[in-house]
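One structure is given below, encoded as structure tokens.
The values are calculated or read from the model by the stated rules, or taken from the named source; none is laboratory data. The structure displayed is predicted, hence computed values, not measured ones. Neighbour counts are summed over all protein chains in view; Cβ atoms, including those assigned to glycine, are modelled from backbone coordinates with ideal geometry.
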Amino acid sequence: MKTIAVLGSTGSIGTQTLDVVRANRDIQIAALAAGNNIGLLEKQIREFHPRIASVWEERAARELRASVRDLDVKIVSGMDGLLEIAVVPEAEILVTAIVGMIGLRPTIEAIKAGKDIALANKETLVTAGHIIMPLAKERHVRILPVDSEHSAIFQCLNGEDPAQIERLLITASGGPFRGRTRAELQNVRVEDALKHPNWNMGQKITIDSATLVNKGLEVMEAKWLFGVDLDKIQVVVQPKSIIHSMVEFRDGAVMAQLGAADMRLPIQYALYYPERRYLAGERLDFTLLTQITFEKPDTEVFLGLPLAYRASREGGSMPTVFNAANEKAVSKFLHREIGFLDIYRIIAECMDAHRVKENPSVEEILSAEQETYALIESRW
């Protein structure tokens, strides 16, 4: 029996993690954390019987306590609640399915407590890879990637010598606006940007896919996860999302991981690694698959990718500014306060205004985030 804790249990990755738990029946849930979707969290508590659960706002926590007063479960809130969830003694693995920089401190504390990390929170490595990876090595903790692209690379490298990597080839669907010009993107609606052609994801990551910021974040994350230079990471557009990513080795061999677009596969692989379990669902039918096509990403239109490479090259606190500016800009776009292309303008202007701090501490990372938010609120 395996025991896990889940940060972000009511979101897309969190709910699919619980689907994997239901299907296998040999995983116990020690702790759950959600934002403020207490209706769904209550259902999860009643089904999985964690001993502790967390919501962000204390007001929501009081409401949830009243709703589950017939159960033996402790309800906590805020950052203190997330930290308590992260280090719950029974859990062997912490699934970080929470969105945003809010996941940074809980992940660090979980590593210090010796928990393996099933990582779906991009911001953790993007902003603090220089802290996370050495700490995980020091504490003998495994960082198990949950993102489909990073899981694909992880699977291709299983049993291989990482020193033999020539390139990491991260695939992108191209999002809902693939092939559009800047002029055509000038007045796109929120509803259009949320229509991802292949994946069913949360709103923020879906917008990030449309801007290619998500692919930029994945490049930044891969650099830390696999210990490769930025110049050895290439993004290729593979519109059908059949190849989830590839590794090219020094001898010219290329290994790829293929499969249906189903996030339960990388989630289950992370939870049971190195074991493979049966997973019900769609299978690729190669007799019906006539072709797999590739394209170069359009970095003249979709500026999320070149801005991410710039942030990663400048390093230090700049990836935090890139991430924070995007997070706030996407929120403004979803609230119809700015246009789609304004997301790029906000990110670029925040990066231009920032003075990089080398090797930032957690406090300096969080400070850079808040400074970026304040700059955006003052200008837009």
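Scan the stretch 77-91 for residues that are in a helix (DSSP H, G or I) and not acidic (Asp, Glu) and jot them down. Lay out the reasoning, then the answer.
Narrowing the stretch 77-91 to residues in a helix (DSSP H, G or I): 78-86.
Hits for the stretch 77-91 are Gly78, Met79, Gly81, Leu82, Leu83, Ile85, Ala86.
Would you mind listing the helices (runs of 4 or more DSSP H) fully within the stretch 1-76 where at least 2 residues are under 25 Å from the mean Cα position of the chain (by Cα) and over 22 Å from Asp147 (Cα atoms)? Reasoning before the result, please.
Values: elements: 12-24, 38-48, 58-67.
By residue number, 38-48.
For the stretch 266-325, enumerate the residues that are modelled with pLDDT under 95, under 25 Å from Arg178 (Cα atoms) and among the β-branched types (Val, Ile, Thr).
Scanning the stretch 266-325 gives Thr290, Ile292, Thr293.
Got a sec? Which helices (runs of 4 or more DSSP H) wholly within the stretch 300-373 have at least 2 residues that are among the basic types (Lys, Arg)? Even if it seems obvious, please write down each step before you answer.
On the way: elements: 304-314, 318-334, 342-353.
In the stretch 300-373, 304-314, 318-334 are the helices (runs of 4 or more DSSP H) which contain 2 or more residues that are among the basic types (Lys, Arg).
Which one is nearest to the chain's Cα centre (by Cα), of the residues in the stretch 211-250 that are polar (S, T, N, Q) and under 22 Å from Arg313 (Cβ atoms)?
Of the residues in the stretch 211-250, the ones polar (S, T, N, Q) are 211, 214, 234, 238, 241, 245.
Next, only the ones that are under 22 Å from Arg313 (Cβ atoms) stay: 211, 214, 234, 245.
Numbers: Thr211: 15, Asn214: 9, Gln234: 19, Ser245: 16 Å.
The extreme case among them is Asn214.
Taking Asp251, is it among the acidic types (Asp, Glu), out of contact with any strand residue (DSSP E or B) (no Cβ under 7 Å at 6 or more places or on another chain), in contact (Cβ under 8 Å) with a residue 24 or more places away in the chain and farther than 19 Å from Ala172 by Cα? Walk me through how you get there before you give the answer.
Working: among the acidic types (Asp, Glu): yes; out of contact with any strand residue (DSSP E or B) (no Cβ under 7 Å at 6 or more places or on another chain): yes; in contact (Cβ under 8 Å) with a residue 24 or more places away in the chain: yes; farther than 19 Å from Ala172 by Cα: yes.
Yes; evaluated as a whole, the condition is true for this residue.
For the stretch 111-154, name all the residues that are on the phi > 0 side of the Ramachandran plot and touching a helix residue (DSSP H, G or I) at 6+ places or on another chain (Cβ under 8 Å).
None - no residue of the stretch 111-154 is on the phi > 0 side of the Ramachandran plot and touching a helix residue (DSSP H, G or I) at 6+ places or on another chain (Cβ under 8 Å), so the list stays empty.
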